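> One structure is given below, represented as structure tokens, and several questions about it will come after.
The values are calculated or read from the model by the stated rules, or taken from the named source; none is laboratory data. Quick caveat, the model's predicted, so the values are computed rather than measured. As a convention, Cβ positions derive from the backbone with ideal geometry for all residues, glycine included, and neighbour counts pool all protein chains shown. Side chains are part of the model used for accessible areas, which takes the heavy atoms of the whole protein and leaves out ligands, DNA and RNA. Shrake-Rupley method; radii C 1.70, N 1.55, O 1.52, S 1.80 Å.
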Amino acid sequence: MFKILFRSIKNCFMFWRDYFSSDNKKLFWANNSSQAYKALIVILCFALGGVLLYHGLKPVVKNGCKLVLQSETQQMLSRQEQVVSVEAEPVKLGTSLKEIKSIGLLKANKEAIIKSEISGKIKEVLFTEGSEVSKGDVLIKFEDDGQRAEVERFEAEYALKQNEFNMNKTLYQQKAGSQKTYKEAEAGMKMAKAQLSNARFQLSRTVITTPFKGKIGILKTPAHPGNVIQPNTELVYLVDNSKIKVEFLIPAKYIEDIARGQAVEITLESFPNKVFSGAVEAIDSAIDTKNHSILVKAVISNEDGILQHGMLANVTLITGEKSNVIVISDDSLDREGQHEFVWVIDDKNRAYRRKVITGSKSENGVEIIAGLQEGDKLVTSGQLRLNDGTKVKILNEATPTVLPTSDKKSASDESSKSDKK
């Protein structure tokens, strides 16, 4: 269709060009006027069709644009007028704790692996596995007949050597005996005494007692009556859990912030709703060059005995606190990549997003270094439905109590009476 229009315009142009350049214009017009009329008719038809098409589609296009504009306007108005219910609270000053997080290993206050010191046959096991024991309680006895016989033999020999020494001492003092005989008797008595002491010591090793108060573990497989035990055989495990020590690593960059006596809190997966408190007892004397950290040991009270040696714990070391700073709950923060935002409500009850800079985080909340001021009305719940400028309704905002008319009247009467008095 456009090719026909273009060809007609071209023919019309060429006709008039040739007409004005012709020497005999009348003859040229007579021979070629029909072509010019045809081209002109085509051009007029297209022009007329364009005019009719324009006037025919103009109302349709105009109405369509109006509908689009009206729908967008209505959507904008509906968004602006939409009221979103949220919870909010005024920003207040508080205290921010300076904390260092780590993972720690729980260790008993005291621990010991009870081992045999001699080779012998077990005679008795005198404890209940998993029970509490006191210091000095007898745990295991070995067969001791041979050791007792040795003690008795050396007791008799010591008594004999002691009598010989006393006799030679008397003779020497009376100038009736030689000094050599006296010294030999003295040496013999001391040797017999040493042998007796050694025999008694070997007898004492047939009885195993507890070195401290604690909880005894489960007896090892060979440690049963009648079994022959070799020296240095592990028999049972003893721990004192009255206090629990937790050892954890702190990055070396915090070494100036840590000190003995600082508060420590630990939590465990086994007791998710319970926090155990303690204090730093010791700090290692050197930094570990492999991981550039320093070992810290803290003591945790364990009066109820639920903490056990070997448990893993989440450790929070509190190194200090800052007062009069803005602290908000972590739920009030929105995060986008490395940036953090909050929603603040203005005097017209419209919410606007505001960028903030956060500081330390603790159980008290998140410290806000910049972006908020005391008294700002902060959205704490319902942020997901907000856009900049959204009208909000604060659900937890206290509403003033309106007294009935009769109560107001009685209150005013009482006030007037008191004024008269």
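> For Val325, put the label point 7 Å out on the Cα→Cβ axis and report which residues of the stretch 370-386 keep their amide N under 12 Å from it.
370
> Can you give the accessible area per residue of the stretch 144-193, in Å², using a 1.4 Å probe?
Per-residue accessible area for the stretch 144-193 comes out at 73 Å².
> Quick check for you: with a 1.4 Å probe and neighbouring chains kept, what is the accessible area per residue of the stretch 198-265, in Å²? Show your work: numbers first, answer last.
Working: 3660 Å² over 68 residues.
Per residue, the stretch 198-265 has an accessible area of 54 Å².
> Report, in listed order, any pair from Lys355/Lys393; Lys115/Lys135; Lys169/Lys190 with a Cα-Cα distance greater than 18 Å.
Beyond 18 Å: Lys355/Lys393.
> What is the percent carbon and sulfur in the accessible area of the stretch 158-230, measuring with a 1.4 Å probe over the protein chains and ignoring ligands?
C and S atoms contribute 54 percent here.
> Hey, can you grab everything whose amide H is under 5 Å from the amide H of Ile369? Only 5+ residues off in sequence or another chain; H modelled, so Pro and N-termini drop out.
Close amide H contacts, sequence-distant or interchain: Ile357, Thr358, Gly359.
> Next question, about the same structure. What ranking do 163-174, 106-117 get when scored by the average of other Cβ atoms within 10 Å per residue, highest first?
Order by mean packing, descending: 106-117, 163-174.
> Would you kindly derive the ³J(HN,Hα) couplings of the stretch 232-243 from the backbone phi angles with the Karplus curve 6.51 cos²θ - 1.76 cosθ + 1.60 (θ = phi - 60°), listing them in order in whole Hz, with x for Gly and Pro?
So the J values, rounded to whole Hz, are 6, 7, 6, 10, 7, 10, 10, 10, 10, 9, 4, 10.
> For a label point 7 Å from the Cα of Glu111 along Cα→C-beta, name the residues of the stretch 239-258 whose backbone N is under 18 Å from it.
239-249, by backbone N distance to the label point.
> Express the carbon and sulfur contribution to the solvent-accessible surface of the stretch 276-381 as a percent, rounded to the nearest whole number, probe 1.4 angstrom. Let's see the in-between values first.
Details: 2650 of 5850 Å².
Roughly 45 percent, rounded to a whole number.
> How large is ³J(HN,Hα) for each residue in the stretch 182-187, as worked out from phi by the Karplus curve 6.51 cos²θ - 1.76 cosθ + 1.60 (θ = phi - 60°), to whole Hz, x for Gly and Pro?
5, 5, 5, 5, 5, 5
> Sequence-distant or interchain residues sharing an amide H contact under 5 Å with Gln262, placed H: which?
Val280
> Rounded to the nearest 0.05, what FRET efficiency is calculated for Glu256 and Glu303 with R0 set to 41 Å and r the Cβ-Cβ distance?
0.75
> Something else now. In whole Hz, with x marking every Gly and Pro, tabulate ³J(HN,Hα) for the stretch 295-307 from phi via Karplus 6.51 cos²θ - 1.76 cosθ + 1.60, θ = phi - 60°.
For the stretch 295-307, the Karplus curve yields 7, 10, 10, 10, 10, 10, 5, 9, 5, 7, x, 7, 7 Hz.
> Could you work out the relative contact order of the stretch 82-210? I mean the mean sequence separation of Cα pairs under 8 Å and 6+ apart, divided by the number of residues, in percent.
32
> Here's something else I'd like to know. Hey, can you grab everything whose amide H is under 5 Å from the amide H of Gly177? Only 5+ residues off in sequence or another chain; H modelled, so Pro and N-termini drop out.
Counting only residues 5 or more places away or on other chains, the set is Tyr172.
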